[in-house]
Ligand SMILES: Nc1ncnc2c1ncn2[C@@H]1O[C@H](COP(=O)(O)OP(=O)(O)OP(=O)(O)O)[C@@H](O)[C@H]1O
Ligand SMILES: [Mg+2]
């Protein structure tokens with residue numbers, strides 16, 4: 001049965017906007033002028049290597065720390081803390097009181113966001129049962145495994161039914177089954193009109209879930225846009241196996257092609273597949289197998305984040 005959407009989504013206004021956000025910690029410029037807009041009701045991924053500035057950017061967006069310069073707007077509020085009751089946040093460093101029971105922990109987290117404690121505990125029972133943790137509801141957190149405690153913290157993040165959920169590395173520490181469950185939870189929230197922002201190192205999650213992503217490298221946005229747009233930054237890859245070893249068809253193979261397990265592997269030339277095919281056929285290559293693959297988000301991420309890192313190295317001069 002379809003759930004009724006919890007939230008009216010005003011798609012005209014982004015759920016989150018940042019304009020020129022900068023954060024300096026002493027000498028370190030952790031975030032170096034980030035601007036982005038997260039469409040209301042979307043699932044938005046923040047990708048970037050370790051130390052890129054993702055956590056710092058998320059903390060500034062949420063009003064946990066103030067930017068050195070720049071502005072942000074959260075659910076229409078200039079001061080992010082004014083939106084606090086509509087926001088759920090799973091921080092990167094997890095932590096629950098070990099002596100609290102799972103249901104109390106969730107109720108407590110809801111109360112911090114303005115949900116009456118009694119209602120929070122009632123919802124906690126339903127949420128825990130719905131996530132296979134019903135029998136742990138009245139057990140202290142210290143009795144739970146790390147992954148189970150993380151699920152409890154996640155449920156505490158959504159118990160007050162926020163309009164915006166911000167999850168910092170939510171998949172780390174979860175097994176494959178719980179990662180799949182978390183993906184489903186994120187999709188269900190988005191179907192209900194909730195905006196979800198998450199950071200991750202595992203590109204596959206973002207590829208499956210996100211409409212838009214930001215790739216952050218060295219505190220700057222190296223890419224912001226749709227997942228398909230990022231993938232289209234790279235040319236398709238050709239994998240070709242031929243019966244013939246040599247012949248006139250070889251002129252169709254670019255000079256930078258590599259050999260991998262008996263196959264030629266190269267970027268599809270800018271003319272597209274037809275001139276390549278014609279040259280192979282006319283030159284009697286004897287095509288055994290030919291595949292033209294669209295690069296995934298992982299390859300796009302590595303190329304975009306790598307290019308950004310190389311450009312920043314250039315900014316700073318060659319390392320000695
Ligand atoms: N409170 C702080 N004081 C000093 N430096 C900080 C502080 N917080 C972050 N930094 C620095 O800012 C930079 C960005 O850190 P941040 O935690 O935002 O990166 P991240 O992209 O979340 O990395 P990760 O993928 O490892 O979680 C790093 O160089 C880090 O050392
Ligand atoms: Mg981080």
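The values are calculated or read from the model by the stated rules, or taken from the named source; none is laboratory data. These figures come from a predicted structure and were not determined experimentally. We place every Cβ from the backbone using ideal geometry, glycine too, and count neighbours over all the protein chains shown.
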| request: Tell me which of these residue 36 doesn't satisfy, since it passes every other one: (1) more than 17 Å from the chain's Cα centre (by Cα); (2) assigned to a strand (DSSP E or B); (3) buried (at least 21 other Cβ atoms within 10 Å of the Cβ); (4) touching a residue at least 60 places away in the same chain (Cβ under 8 Å). | output: (1)
| What are the residues in segment 104-140 that are over 22 Å from residue 84 (Cα atoms), surrounded by 14 or more Cβ atoms within 10 Å (Cβ to Cβ) and within 27 Å of the chain's Cα centre (by Cα), if any? | 128, 131, 133
| request: Kindly establish whether residue 151 is within 16 Å of ligand 1 (Cβ to nearest atom), within 29 Å of residue 175 (Cα to Cα) and in the same structural domain as residue 189 (by TED's automatic domain parsing). | output: no
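Considering only segment 63-81, state which residues are away from ligand 1 (no atom under 13 Å from the Cβ) and touching a helix residue (DSSP H, G or I) at 6+ places or on another chain (Cβ under 6 Å). So that I can check it myself, show each step before the final result.
Filtering segment 63-81 down to residues away from ligand 1 (no atom under 13 Å from the Cβ) leaves 63, 69-81.
Answer for segment 63-81, where residues must be away from ligand 1 (no atom under 13 Å from the Cβ) and touching a helix residue (DSSP H, G or I) at 6+ places or on another chain (Cβ under 6 Å): 63, 72, 74, 75, 77, 80.
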| Inside segment 50-66, can you point out the residues that are touching a residue at least 12 places away in the same chain (Cβ under 8 Å) and either within 8 Å of ligand 2 (Cβ to nearest atom) or under 16 Å from residue 221 (Cα atoms) (or both)? | 50, 52, 53, 54, 55, 56, 57, 58, 60, 61
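Could you tell me which residue of segment 208-219 is farthest from residue 33 (Cα to Cα), considering only residues that are surrounded by 19 or more Cβ atoms within 10 Å (Cβ to Cβ) and more than 12 Å from ligand 1 (Cβ to nearest atom)? Full working, then the answer.
Taking segment 208-219 as the starting set, the residues that turn out to be surrounded by 19 or more Cβ atoms within 10 Å (Cβ to Cβ) are 209-210, 212-219.
Still in the list and also more than 12 Å from ligand 1 (Cβ to nearest atom): 209-210, 212-213.
Details: 209: 26, 210: 23, 212: 19, 213: 17 Å.
It comes out as 209.
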| said: Considering only segment 91-98, I want to know if a residue exists there that is within 17 Å of residue 198 (Cα to Cα), modelled with pLDDT under 95 and either crowded, with 22+ Cβ neighbours inside 10 Å or out of contact with any strand residue (DSSP E or B) (no Cβ under 9 Å at 6 or more places or on another chain) (or both). | reply: yes
| field | Cross-chain or 6+ apart pairs with Cβ under 6 Å, segment 209-220 first and under 16 Å from residue 23 (Cβ atoms), then within 14 Å of ligand 2 (Cβ to nearest atom) and part of a loop (DSSP other than H, G, I, E, B) | value | 216/48; 216/52; 216/53; 217/48; 217/52; 219/53
| remark: Within segment 188-206, the residues that are more than 16 Å from ligand 1 (Cβ to nearest atom), farther than 19 Å from residue 36 by Cα and either within 13 Å of the chain's Cα centre (by Cα) or outside the structural domain of residue 149 (by TED's automatic domain parsing) (or both) are 204
| query | Any idea which of 155, 96, 167, 75 is touching a residue at least 40 places away in the same chain (Cβ under 8 Å) and within 16 Å of ligand 2 (Cβ to nearest atom)? | reply | 167
| query | Could we say that residue 168 is under 30 Å from residue 73 (Cβ atoms) and in the same structural domain as residue 58 (by TED's automatic domain parsing) here? | reply | yes
